[in-house]
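What follows is calculated from the coordinates using simple rules that are stated; it is not laboratory data. Keep in mind it's a predicted model, so treat the numbers as computed, not measured. Positions of Cβ are generated from backbone atoms using ideal geometry, with glycine treated the same way; all protein chains shown enter the neighbour counts.
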Amino acid sequence: MRGHAIFLSCALAATASANEAFLRAEVVDAVAATKLPMSVADPAWQQLSARSFRISPQRTVRLNDLRSNEVLKSGPGISEVRVKAAATAQQLRLWLEWDDPAKEVVREDEVNVFADSIAVEVPERSGRGVRLPAIGMGDAEQHVGVSMLRATKGGALASQFIAAGFGSLTRQAPAVMTTAELQYDDALKRWRAVFTIPIDGDRRALVPVAFAVWDGARGERAGYKRLSSWHFVRLPNRPLDDAWVKELAYGFFPGDLGDVARGKALAEAVCVACHHLPGKALTPPGLAPSLVGIGAISTPRYLRDSITTPSAVVLPGLNPNQHYVANGPRDNNGALPNADAFRWWSPGPDGGQVSKMPPFAFPPEQLADLVAFLKSLDGSTLEQP
Amino acid sequence: MSKRQLAMVMDLNKCIGCQTCTVACKTQWTNRNGREGMYWNNVETKPGDGYPRKWEEAGGGFDGGGNLKDGVVPSRYSDYGVPWDYNGDEIMAGREFKPQTDPQVGPNWDEDVGAGDFPNSYFFYLPRICNHCSNPSCLAACPREAIFKRNQDGIVLVDLNRCEGNRLCIAACPYKKIYFNTKLSKSEKCIFCFPRIEKGLPPACADQCVGRIRFVGYLDDVEGQVYKLVHQYKVAIPLHPEYGTEANVYYVPPMAGPRRFDKAGKPIEGSERLPTPYLEHLFGPRVHDALKTLHAELDKRKAGEASELLDTLIAYKHSDMFRLDTRPRPTGFKLPVLK
């Protein structure tokens with residue numbers, strides 16, 4: 001009896017410390033305010049401390065711009081975004097800052113230049129027991145709202161989207177976020193942006209957010225971007241749901257993440273059959289999501305679940321017309337059929353989609369090694385086949 | 001990918017490079033709203049850099065294995081050209097007639113330059129529109145899946161409500177026939193005049209063609225000229241078939257060019273000034289059989305025999321060049337009587 005109580009208290013202590021480690025690493029505290037600082041330049045922001053999050057180039061799918069692909073090989077570029085937050089009972093306002101040596105705005109005179117941009121992504125719903133959406137535009141079950149600012153000469157073009165996976169991004173009336181502002185600091189060569197997210201009555205203490213930054217000077221737009229993993233903003237004066245935090249804190253408990261070197265050996269023996277790993281690209285690009293930068297944009301939990309239950313989140317893959325069967329049967333207009341090998345899913349028994357990746361039932365230690373290795377893949381290797 | 005496919009055949013032997021098609025298209029679709037610098041239809045001189053400049057070297061299309069290839073987005077300043085005007089008002093004051101800016105490149109920059117050394121220089125005209133491909137690489141490249149191919153006629157269109165102006169379609173099109181509207185921040189392209197097609201009318205470029213070079217019809221209409229030229233006689237072949245997009249604009253290759261001159265300035269009998277390897281570079285190896293068929297039919301006709309192929313290419317009646325549906329239609333056209 002006594003022994004059991006000791007075990008229980010130890011487990012509670014472990015949970016508490018893992019939860020705290022998670023909160024320290026992944027969460028921005030929103031400062032309680034009665035009146036929110038309105039503009040980017042409001043001096044009130046200077047009194048808040050910023051939290052820095054890593055952003056790294058999107059490498060999961062490969063797009064087809066020759067020049068942008070060359071630039072991608074030349075270095076990672078902008079690598080962090082600094083975040084501050086303030087909230088009233090009704091509104092959460094995010095202040096974002098990132099370095100960018102060259103200001104690029106939307107231009108009406110030239111065709112092959114691109115504007116610096118930023119987007120904030122939030123899940124449509126979140127909370128205990130609700131899986132976070134796939135970071136890249138969400139997925140069929142967990143939708144995301146995206147608010148984007150694209151730099152113009154006099155300010156910014158603001159757009160609102162909803163998405164349910166690659167290719168599904170669709171404009172919608174502002175609902176997820178309202179006011180937004182973008183400003184370039186010419187002296188410090190930095191962009192600063194402000195986004196406002198309305199807080200509904202039952203919004204929990206933690207708001208999941210993810211960030212994407214486009215560097216126009218590097219030809220970035222669409223999937224040429226740098227993005228973060230899911231992070232969280234903690235709203236003031238709301239109780240934390242410890243059970244939800246425990247779910248989110250997977251990866252912070254001892255034993256969640258195993259040995260990177262052992263995980264690497266395992267991944268290079270198994271995962272490379274379909275996926276690309278740094279320095280290991282045995283399959284044609286596009287056959288499966290590339291894992292070269294997967295750790296920087298994924299939570300450990302997403303990595304684990306993708307191995308054990310791949311069909312829980314089916315990524316549709318990029319536009320299915322990017323590959324056709326060159327010697328396949330032509331239709332009556334000479335069109336060749338799309339190559340199903342490059343589609344990441346198969347039709348399921350109930351008409352739904354099943355991931356082509358089979359579930360892997362690794363022993364717990366091997367799973368932990370693999371997750372540790374995948375989490376270490378930060379996209380810093382630049383070769384891209 | 002679509003149930004039926006509309007196609008166009010252009011007989012390059014009849015193109016005189018008058019640009020009436022270009023103007024017809026421009027006045028119909030691209031003289032406003034940020035499209036001023038676009039030429040959905042252009043006529044370029046071959047050999048030559050074309051429009052946009054050196055488009056044949058800009059990548060895109062599919063590789064031999066059926067995989068989308070990387071390409072570049074051209075520049076307005078160095079590849080498309082910035083529209084310019086002339087100082088028309090000033091010449092009355094005795095000033096030199098000149099452009100108001102210093103243009104570096106334009107849609108018809110190297111017109112009639114061609115290749116070869118005098119007196120054996122050569123060129124021909126190549127009118128180009130969107131190929132409304134059976135495997136369109138623009139459609140394949142779009143991360144927003146904003147480009148679609150109409151089921152009823154295979155016309156490739158951009159859904160401007162979905163287009164976010166990412167320009168990956170422009171990088172992907174090996175013919176560089178999809179353009180960026182910087183004013184609207186959307187990609188736009190030749191629409192095969194679908195509002196006209198829906199009324200049974202041919203595209204404006206074909207309707208206005210002075211040389212009657214353009215046939216328009218469905219590829220599966222076995223009674224149609226398009227079918228006969230493409231599938232029966234196989235004298236109409238797509239431009240750069242190696243781009244792998246299964247283009248649906250077909251060209252009858254130039255076959256009756258001038259002969260070469262010898263050193264004394266006399267024409268060399270049986271010689272061709274247009275190098276066949278260049279035609280093969282443009283139209284692929286099938287150009288040889290096409291030229292053979294064309295020459296054989298021409299010889300037949302010279303010998304006084306009938307040739308359905310040459311009659312088709314001559315196109316005695318302009319209206320016979322367009323078969324937009326197979327329903328019975330009026331044979332004559334009467335001008336309304338003005339009272």
Estimated FRET transfer efficiency when R0 is 22 angstrom, pair A:Asp242-A:Phe360 (beta carbons, to 0.05): 0.10
Computed [θ] at 222 nm, deg cm²/dmol, chain B (DSSP H ≥ 4; -39,500 (n - 2.57); rounded to nearest 500): -4000 deg cm²/dmol
Rg/Rh for the protein assembly as shown to two decimals, with Rh computed the Kirkwood way over all alpha-carbon pairs. 1.05
Where does each of B:Thr312, A:Thr170 land when they are ranked from fewest to most other beta-carbon atoms within 10 angstrom? A:Thr170, B:Thr312
The range A:260-376: C-alpha gyration tensor shape, a/c 1.5 cut-off, then a/b vs b/c: prolate
If a/c stays under 1.5 just call it rounded; otherwise compare a/b with b/c (prolate if a/b is bigger, oblate if not). Do that for chain A, with a ≥ b ≥ c from the square roots of the Cα gyration tensor eigenvalues. oblate
Per the helix-only model, chain A has a calculated mean residue ellipticity at 222 nm (DSSP H runs of ≥4, -39500 (n - 2.57) each, divided over all residues, rounded to the nearest 500) of -6000 deg cm²/dmol
Among B:Lys14/B:Lys300; B:Lys189/B:Lys228; B:Lys26/B:Lys69, which pairs are too far apart, with a Cα-Cα distance over 24 Å? B:Lys189/B:Lys228; B:Lys26/B:Lys69
Under Karplus coefficients 6.51, -1.76 and 1.60, residue-wise ³J(HN,Hα) of the range A:104-111 in Hz, glycine/proline x: 10, 10, 4, 10, 8, 9, 10, 8
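How big is the shadow of the Cα convex hull of the range A:28-239, averaged over all directions, in nm²?
12.0
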Mean-square fluctuation maximum in Gaussian network of chain A, Cα pairs under 10 Å, restricted to A:Gln90, A:Gln47, A:Gln172, hits A:Gln47
Hey, rough spin-label estimate for B:Asp325 and A:Ala13, points 7 angstrom out along Cα→Cβ, what's it come to in nanometres? 8.3
Output ³J(HN,Hα) for the range A:293-304: one whole-Hz value per residue in order, computed from phi by the Karplus curve 6.51 cos²θ - 1.76 cosθ + 1.60 with θ = phi - 60°, and x for Gly and Pro. x, 5, x, 5, 10, 10, 7, x, 5, 5, 5, 4
Relative contact order as a percentage, the range B:13-131, C-alpha pairs under 8 Å and 6+ apart, gives 32
Taking 7 Å along the Cα-to-C-beta vector as the label spot, tell me the A:Thr170-A:Val325 distance in nanometres, rounded to one decimal. 3.1
What order do you get for B:Trp109, A:Trp344 when you list them from fewest to most C-beta neighbours inside 10 Å? B:Trp109, A:Trp344
Go through the range B:132-147 residue by residue and turn each phi into a ³J(HN,Hα) via Karplus (6.51, -1.76, 1.60, θ = phi - 60°); whole Hz please, and just put x for glycine and proline. 6, 4, 6, 10, x, 7, 5, 4, 5, 7, 5, x, 8, 6, 8, 9
As a quick test, which of the pairs A:Lys153/A:Lys189; B:Lys199/B:Lys234; A:Lys84/A:Lys189 have an alpha carbon distance above 24 angstrom in this structure? B:Lys199/B:Lys234
Run the numbers on the range B:153-231 and let me know its relative contact order in percent, using alpha-carbon pairs under 8 Å that are six or more apart. 19
Suppose the chain between A:Asp259 and A:Ser39 were pulled fully straight at 0.36 nm per residue; how much longer would it get relative to their current alpha carbon spacing? 74.6 nm
Footprinting proxy, B:Tyr233, B:Tyr86, B:Tyr125: sorted fewest to most Cβ within 10 Å, the residues are B:Tyr86, B:Tyr233, B:Tyr125
For the A:Thr88, A:Glu124 Cβ pair and Förster radius 30 Å, calculated FRET efficiency rounded to 0.05 is 0.85
Could you give the size of the charge dipole of the protein assembly as shown about its Cα centre, using +1 on the Cβ of each K and R and -1 on the Cβ of each D and E, expressed in debye and rounded to the nearest 20? 960
When DSSP assigns beta bridges and you keep just the ones with both residues in the protein assembly as shown, what percent turn out antiparallel, to the nearest 5? 90
Please compute the length gained on full extension between B:Ala115 and B:His288, using 0.36 nm multiplied by the number of residues separating them and subtracting their Cα-Cα distance. 60.2 nm
Counting Lys and Arg as +1 and Asp and Glu as -1, each charge on the Cβ, what is the dipole of the range A:28-239 about the Cα centre in debye, to the nearest 20? 560
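In µm²/s, what is D for chain B at 10 °C and 1.306 mPa s, where D = kT/(6 pi eta Rh) by Stokes-Einstein and Rh is the Kirkwood radius from Cα pairs? Walk me through the intermediate numbers first.
Numbers: Rh = 21.4 Å.
Estimated diffusion coefficient is 74 µm²/s.
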Of the residues A:Pro239, A:Ala296, A:Gly75, the Cα lying farthest along the dipole of the protein assembly as shown towards its positive end, which is defined by charges on the beta carbon of Lys, Arg, Asp and Glu, belongs to A:Pro239
Answer in debye to the nearest 20: the dipole magnitude of chain B about its Cα centre, from +1 Lys/Arg and -1 Asp/Glu charges placed on Cβ, is 940
Pull up the cross-link candidates among the lysines for A:Lys264, meaning alpha carbon to alpha carbon under 29 Å and not fewer than 8 places away within one chain. A:Lys73, A:Lys225, A:Lys246, A:Lys280, A:Lys356, A:Lys375
Relative contact order in percent for chain B (Cα pairs under 8 Å, 6+ apart) equals 23
